[in-house]
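Have a look at the structure below before the remarks.
The values are calculated or read from the model by the stated rules, or taken from the named source; none is laboratory data. Note that the structure is predicted; figures quoted are calculated from it, not measured. With ideal geometry, Cβ positions are generated from the backbone for all residues, glycine too; neighbour counts draw on all protein chains shown. Each accessible area value is taken on the protein alone, full model and side chains, heavy atoms only, with ligands, DNA and RNA left out. Shrake-Rupley method; radii C 1.70, N 1.55, O 1.52, S 1.80 Å.
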Amino acid sequence: MEKEEKRIYACWLACVPGIGNRTIDKLLTLCRNEKDVYCAGEKVWKEVLTERQLVQMKDFAVREEPECLYRRIRQDGIRFIMRGDEEYPERLERIPDPPYALYVKGRLPVDDKPSVAVVGARDCSEYGSFVATGIGEMLGQNDIQVISGMARGIDGISQRAALQVGGSSYGVLGCGVDVCYPPSNRELYEDLCELGGVMSAYPPGTEARPGNFPPRNRIVSGLCDVLIVVEARAKSGTLITVDMALEQGKDVYVVPGRITDRLSDGCNKLVKQGAEVFLTPEDFIDELWERWSCNPVGNEGSEALKQKDGKKRIRESNSGKSGKLLQWRPVNGVEGLSKERKAVYEVLDFDPVTPEQIQEKLEVKYPLPKLMSMLIGLCTEGLVQQISPGYFVRRGD
């Protein structure tokens, strides 16, 4: 009962608008516990709070009674996990300024399995989507937890791929855990709640705002053992996550890209600065396991450590497929193409090209109107994508 009472008042304190980790810690230094903070009133609060924070806390105390607030959150299927709870992730306890509490739907990542964060551009290329899918599958098939922000693009693609092969993934939101952002990822959000978990340091009902995402990113990096970057512009939120991962002592891997591609500017810069290069799934799995076996989070409780040969266990769990995950695989429907359309399909790759450039690569030089007609037909069948007016790429599978 004492633990439950502590959690009720901790939940109330965490939900006060405008009150963050450091302010909560200062209040707790003046009072013995969260209940004492609630009961202390304005006289004690004003020793720590700014004038604006004081007004917000007084108004919140009038509007919200701790037990009712906690009961309402629990009825919505949301768990409140605070620092010091057994469920609180050990990885987060190790980072600077760990969140005071997490609101969770579904599960939290476990400490006795490796975790990898996959992050990257929201407006990713077809190549980036293909690579993120392959990495998500690779991690999911090897029973490695995938952590990301459930954002549009690389984040969501990698998480979806991990779930589709039976793996586990966890989303860290920059809004309340009961708010699906972006709305276009509703299906992924529901799958994560059922098959993995979503979490947030922000109280339920908090809308997504730009200022919420940098603090969110420190939780993404904090929950992982290794971070993989797939496509990032020279200035992007992805690089904020990288900086936080490095400050937390995490290893960063980068998928390199073409020097002419602006989506690769951030990645190539990281490579120049000394980041690890992601080249093959086999190498990455081997290196990840080597790091994990030297410094596991779960220590003696780790199921992975109970295996005599952890590296072999991970490689065998994928049935030898890891080296093939990032190779090109034919899209369903190619076999039924005519000889002419198959020739057009086979000269395409992830590098966007114009019909004129395609024409130059073909042995048979089809007239441009006929070539355009074949390209539009291939797009309709989902084999080719027009990424901008006059530029085409092959779809990855």
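Of note:
- Between amide H atoms placed 1.01 Å from N, distances below 5 Å from Ala234 occur with Asp265, Gly266, all of them 5 or more places distant or on a separate chain.
- For q = 0.15, 0.21, 0.24, 0.25 Å⁻¹, Debye-computed log10 I/I(0) when each Cα of the range 183-279 counts as one equal scatterer: -0.71, -1.12, -1.22, -1.25
- Evaluated at q = 0.22, 0.26, 0.30 Å⁻¹, the base-10 log of the normalised Debye intensity for the range 47-110, with identical point scatterers placed on the Cα atoms, takes the values -1.00, -1.05, -1.16.
- Taking every protein chain into account, the accessible area of the chain amounts to 48 square angstrom per residue (probe 1.4 Å).
- Accessible surface of the chain, 1.4 Å probe, proportion on carbon and sulfur as whole %: 48
- Calculated mean residue ellipticity, 222 nm, the chain: -13000 deg cm²/dmol, from DSSP H runs (n ≥ 4) at -39500 (n - 2.57) each, averaged per residue and rounded to 500.
- Among 44-51, 88-95, the peptide with the highest mean count of other Cβ atoms within 10 Å heads the list, and the full ranking is 88-95, 44-51.
- For the range 208-255, alpha-carbon Rg relative to the globular expectation (2.2 N^0.38 Å, N residues): 1.09
- For a straight C-alpha distance cut-off of 17 angstrom, the aspartates and glutamates reachable from Lys361 (same-chain residues fewer than eight places away being disregarded) are Glu340, Glu346, Asp349, Asp351.
- Just so you know, the Rg over Rh for the range 1-108 is 0.95, from Cα atoms, with Rh as the Kirkwood radius.
- A simple rule links phi to the HN-Hα coupling: the Karplus curve 6.51 cos²θ - 1.76 cosθ + 1.60 with θ = phi - 60°, which for the range 102-111 gives 10, 9, 10, 10, x, 10, 9, x, 8, 7 Hz, with x for Gly and Pro.
- Using the average count of surrounding beta-carbon atoms within 10 Å as a protection proxy, the listed peptides 363-376, 253-266 rank, highest first, as 253-266, 363-376.
- Neighbourhood charge, 14 Å Cβ-Cβ cut-off, centred on Gln75 and excluding it, Lys, Arg +1 and Asp, Glu -1: +2
- Phi angles across the range 114-121 convert, under the Karplus curve 6.51 cos²θ - 1.76 cosθ + 1.60 with θ = phi - 60°, into 3J(HN,Hα) values of x, 10, 10, 8, 10, 9, x, 5 Hz, Gly and Pro given as x.
- Over the range 253-293, volume per residue of the alpha carbon convex hull, in Å³: 64
- Taking all protein chains as shown and a probe of 1.4 angstrom, Ile157 keeps an accessible surface of around 30 Å².
- Using a cut-off of 32 Å between Cα atoms, the listed pairs Lys235/Lys365; Lys3/Lys58; Lys58/Lys113; Lys46/Lys250; Lys58/Lys235; Lys6/Lys113 include Lys235/Lys365; Lys58/Lys113; Lys46/Lys250; Lys58/Lys235 as exceeding that distance.
- Amide H within-cut-off set for Val254, under 5 Å, with H built and near neighbours excluded: Val229, Glu276, Val277, Phe278
- A full extension of the chain between Val165 and Val44 corresponds to an added length of 38.2 nm, given 0.36 nm per residue minus the alpha carbon distance.
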